[in-house]
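A.B. asks: Below: one structure in structure tokens.
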Amino acid sequence: MNILTFGPNGSGKGTQGSLVKQKYNLAHIESGGIFREHIGGGTELGKKAKAYIDRGDLVPDDITIPMVLETLKTKGQGGWLLDGFPRNTVQAQKLWEALQAEGIKLDYVIEILLPREIAKNRIMGRRICKNDPNHPNNIFIDAIKPNGDKCRVCGGDLSARSDDQDEAAIGKRHDIYYDTNTGTLAAAYFYKDLAAKGVTKYIELDGEGAINDIKDKLLAQLA
Ligand code: AMP
């Protein structure tokens, strides 16, 4: 099974993606993660990409597109869930052309919908437990509100990640995501149009619900 996922930063896309990946035993291919590996390994590609990533800009398509297509070929043979790519209409078209050229079926495209203001609050409300970063705490989400200023799971001290409090950086990333002309939502709609022609399936999920409800709705739609 081959799946594309779309959702703004703060929508729970990563969480839902991991659940789906585990259930169907898919390679989880994250463009941001591939860049981070290259930067960590000090490769030429990593050096080129770093300046863009540090600024919160997209890495140019002539670097990103071949890198992702190559990873799909090498790691995605048994099915993949692609996360973070495509992020604009050029990437969406190139991916589609590559899939067609290789005879690879795109089974599902998932879009998690979340209004921009709520996505921003979710990011800014995230709190990290000093004992375990996976303990969910968010001052703006009722289901996972901390106990006062302590972790709701273990009572540990909480702190906020500095990049989660950087409104300018969050704004820049959301500008790219919510751009319906050439940005990430435009890329999602490129696939929505293809789904209307019956060549793939497009699943829309309301990202405002609880993680488990979204997961149940999602899994019910993946055959
Ligand atoms: P992410 O972990 O998905 O938030 O990605 C981290 C950074 O990697 C982004 O802010 C971009 O600079 C870069 N990046 C990831 N995916 C792409 C993409 N599809 N196109 C261009 N740049 C990307």
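Each reported figure results from applying straightforward, stated rules to the coordinates on display, with no laboratory input. Predicted, not measured: the structure shown is a model, and the values here were computed from it. As a convention, Cβ positions derive from the backbone with ideal geometry for all residues, glycine included, and neighbour counts pool all protein chains shown.
A.B. asks: Relative to the longest principal axis of the chain, what angle (0 to 90°, nearest 10) does the C-alpha long axis of helix 211-221 take?
C.D. replies: Result, in degrees: 20.
A.B. asks: Considering only 30, 70, 208, give the residue with the highest GNM mean-square fluctuation for the chain, with springs between Cα atoms whenever their separation is below 10 Å.
C.D. replies: Top of the fluctuation ranking is 70.
A.B. asks: Which cysteines in the chain lack any other cysteine whose Cβ sits under 4.7 Å from their own Cβ?
C.D. replies: Result for the chain is 154, no neighbouring Cys Cβ within the cutoff.
A.B. asks: Continuing with the same structure: Output the peptides 2-10, 103-111, 42-50 sorted from most to least packed, where packing is the average of other Cβ atoms within 10 Å over each peptide's residues.
C.D. replies: Highest mean packing first, the order is 2-10, 103-111, 42-50.
A.B. asks: Okay, next question. Which aspartates and glutamates have a Cα lying under 13 Å from the Cα of residue 50, excluding residues fewer than 8 positions away in the same chain?
C.D. replies: Once the sequence-local aspartates and glutamates are set aside, what remains near residue 50 is 37.
A.B. asks: Kirkwood hydrodynamic radius, computed over distinct alpha-carbon pairs, for the range 100-223: how many Å, to one decimal?
C.D. replies: Hydrodynamic radius (Kirkwood, Cα pairs) of the range 100-223 is 16.9 Å.
A.B. asks: Mind listing the long-range amide H neighbours of residue 80? Cut-off is under 5 Å, sequence gap 5 or more, other chains count too, H placed in the peptide plane at 1.01 Å from N.
C.D. replies: Amide H neighbours of residue 80, under 5 Å, 5+ apart: 2, 3, 27.
A.B. asks: With Cβ to Cβ distances under 11 Å as the rule, what net charge do the other residues near residue 80 carry (K, R +1; D, E -1)?
C.D. replies: 0
A.B. asks: Take peptides 137-145, 117-125 and line them up by average Cβ neighbours within 10 Å, highest first, as a rough protection proxy.
C.D. replies: Highest-to-lowest ranking by the protection proxy: 117-125, 137-145.
A.B. asks: If you plug each phi of the range 170-177 into the Karplus form 6.51 cos²θ - 1.76 cosθ + 1.60 with θ = phi - 60°, what whole-Hz ³J(HN,Hα) values come out, in order, with x for Gly and Pro?
C.D. replies: 3J(HN,Hα) across the range 170-177, in whole Hz: 4, x, 5, 5, 6, 4, 5, 4.
A.B. asks: Additional query: Report the one residue of 11, 171, 58 whose Cα lies farthest in the direction of the positive end of the charge dipole of the chain (charges on C-beta: Lys and Arg +1, Asp and Glu -1; origin at the Cα centre).
C.D. replies: Toward the positive end, the furthest listed residue is 11.
A.B. asks: In percent, how large is the relative contact order of the chain, given Cα pairs closer than 8 Å and 6 or more residues apart?
C.D. replies: 27 percent
A.B. asks: If the only charges are +1 at each Lys and Arg Cβ and -1 at each Asp and Glu Cβ, what is the size of the charge dipole of the chain around the Cα centre, to the nearest 20 debye?
C.D. replies: Roughly 380 debye, rounded to the nearest 20.
A.B. asks: Find the Rg to Rh ratio for the range 181-223, where Rh is the Kirkwood radius over alpha-carbon pairs and Rg uses the same atoms.
C.D. replies: The Rg/Rh ratio comes out at 1.05.
A.B. asks: Compute the distance from the alpha-carbon center of the range 75-107 to that of the range 124-153, in whole Å.
C.D. replies: Here the two parts' Cα centres lie 35 Å apart.
A.B. asks: Going from the alpha-carbon gyration tensor of the range 1-144, what semi-axes, largest first and in whole Å, does one get by taking the root of 5 times each eigenvalue?
C.D. replies: Its equivalent ellipsoid spans semi-axes of 27, 20, 15 Å.
A.B. asks: Output ³J(HN,Hα) for the range 58-71: one whole-Hz value per residue in order, computed from phi by the Karplus curve 6.51 cos²θ - 1.76 cosθ + 1.60 with θ = phi - 60°, and x for Gly and Pro.
C.D. replies: Along the range 58-71, the couplings run 6, 6, x, 4, 5, 8, 5, 4, x, 4, 5, 4, 5, 5 Hz.
A.B. asks: Taking Cα centroids, how far is the range 160-183 from the range 14-31 in Å?
C.D. replies: The distance from the Cα centre of the range 160-183 to that of the range 14-31 comes to 23 Å.
A.B. asks: With θ set to phi - 60° and the Karplus curve 6.51 cos²θ - 1.76 cosθ + 1.60, what are the ³J(HN,Hα) couplings of the range 125-135 in order, to the nearest whole Hz, using x for Gly and Pro?
C.D. replies: x, 5, 10, 9, 7, 5, 7, 7, x, 8, 5
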